[in-house]
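First the structure, in the form of structure tokens, and then the observations on it.
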Amino acid sequence: MTIANDIKDIELATGGRYRIEWAGQEMPVLKQIRQRFAREKPLEGLRVSACLHVTTETANLMQTLQAGGADVVLTASNPLSTQDDVAASLVANDEIPVYAIKGEDNATYYQHIHAALDHKPHITMDDGADLVGTIHKDRREVLDEIVGGTEETTTGVIRLRAMAQDGALQFPVIAVNDSATKHLFDNRYGTGQSTIDGIIRATNILLAGRVVVVAGYGWCSRGIAMRAAGLGANVIVTEVNSLRALEAVMDGYRVMPMLEAATLGDIFVTATGDVSVIDRQHFAIMKDGAILCNSGHFNVEINLEALAEMSDGPATLVRPLVEEYRLGDRSIYVLGEGRLINLAAAEGHPASVMDMSFANQALGAEYLMRNVENLAAQVYTIPTDVDQEIARLKLQAMGVSIDALTEQQEAYLNQWQEGT
């Protein structure tokens, strides 16, 4: 049987299978869900189009959905995040159509998006809302088949909430990112570790003693700041939200506007979900040798067009994924084309943290199927009891036990009469 695909090389499948299995050992929660799905088949007959980072962890999610009875197609959610051996293994060993090639150009990226939508999905599974956005702009004919969608990341949830507010969203979407077992762990610990991993792999620099400027102080930026400080960096945080800025100060970081930080930073990391966070006026005053990278979903946080206009000539690739821009007697270095550095230069989040995130994705699809009649075209969060169950399974897999409330304690928490 020939499985439709557009991947780099099917011969990479064996190595990809071994790496998928290795990651699976670190994903015990998803494994338990897969075993239940295989018995109960809650997704039987469901067509799923997924636009996610094509990594070993995502492969385990695809296998779980398939075990639940879903007919799955996968495309990449970022041109630089695909692991080509994983894509090959999914096609060769799991008979899952995959449309993803590491380094694909923008035109190919959107060709792959459309190929995934040709599957006529009942459920979309997004990381950045590109499937949902493309459906609403260019592929509205597939709306009749769609039950709902799930969204993995902060940037995508922001886009979806904007669509819902404008009355543009045509089907319900589960904001997986808003689950506590996703953003409190994946965003903070996953992004923190994998971003630092990507910076070090790309540059081989020592962080200790360097000034690291972290743009934003959401959960992803918290993790980046924490890990950079743990390696001895002097961390500066920039923010536009006064509460988050205050929290960063209380956490021990210097907080200042980007225009002030621009003269001080050795390494700049953006993770805000917004556009032109580092811009022309910042490039103009940065020190020689400044290194810029991004951990937000889209490559718009660093204004690369402005940097190119200010440069003496085309950027020079001085190391894999490290481009040098010359501005007179100064050099500014950009990592991974301004795309997600943790996936462009490293392997993304560790499997053990994606275990919870993708448990949310799998259970989100199941929740949609069970509750579709009661859901409007809005953005929803997975119920708290599902979140708690994922946390319970993770603790169990880690060999960690916790207390349970006694009947007396339960009664005390549910009364108002007894006081001081």
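The values are calculated or read from the model by the stated rules, or taken from the named source; none is laboratory data. Just so it is clear, the model here is predicted, and its values are computed rather than measured. Every residue, glycine among them, receives a Cβ derived from its backbone with ideal geometry; neighbour counts consider all protein chains shown. Accessible surface is based on the protein model in full, side chains and every heavy atom, while ligands, DNA and RNA are left aside. Shrake-Rupley method; radii C 1.70, N 1.55, O 1.52, S 1.80 Å.
Values for this structure:
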| quantity | calculated |
| --- | --- |
| Stokes-Einstein D in µm²/s, Kirkwood radius over Cα pairs - the chain at 20 °C with 1.002 mPa s viscosity | 96 µm²/s |
| Helix-only CD estimate at 222 nm, as mean residue ellipticity for the chain, using -39500 (n - 2.57) per DSSP H run (n ≥ 4) | -12500 deg cm²/dmol |
| Difference of contour (0.36 nm per residue) and Cα-Cα distance, D9 to D288 | 96.4 nm |
| Too-long pairs where the Cα-Cα distance tops 22 Å, listed order kept, from K31/K102; K102/K287; K182/K394 | K31/K102; K102/K287 |
| Å² per residue, accessible surface of the stretch 1-67 at 1.4 Å | 49 Å² |
| Distance between modelled label sites at R392 and S242, nm, 7 Å Cα→Cβ extension | 4.2 nm |
| In Hz, Karplus ³J(HN,Hα) per residue of the stretch 288-299 (6.51, -1.76, 1.60; θ = phi - 60°; x = Gly, Pro) | 4, x, 4, 10, 10, 8, 10, 10, x, 5, 9, 8 |
| Average accessible area per residue (Å²) across the stretch 92-190 - probe 1.4 Å, nucleic acids and ligands excluded | 37 Å² |
| Residue-normalised accessible area of the stretch 213-266, expressed per residue, 1.4 Å probe, Å² | 46 Å² |
| Difference of contour (0.36 nm per residue) and Cα-Cα distance, L206 to Q32 | 58.6 nm |
| Segments 396-406, 327-337 sorted - mean Cβ within 10 Å per residue, highest first | 327-337, 396-406 |
| Computed label-point distance, nm, for sites E305 and T108 using a 7 Å Cα→Cβ extension | 2.4 nm |
| Globularity ratio of the stretch 275-403, using Cα Rg and 2.2 N^0.38 Å | 1.56 |
| Segment E145-E324, length gained on full extension (0.36 nm per residue, minus Cα span) | 59.7 nm |
| Portion, in percent, of the accessible area of the stretch 112-217 that falls on carbon or sulfur, probe 1.4 Å | 47 percent |
| 23 Å tail of the calculated P(r), the stretch 221-319, as % of Cα pairs | 25 percent |
| Normalised contact order of the stretch 287-347, rounded percent, pairs of Cα under 8 Å and 6 or more residues apart | 43 percent |
| Student exercise, the chain dipole from Lys, Arg, Asp, Glu Cβ charges, in Debye to nearest 20 | 520 debye |
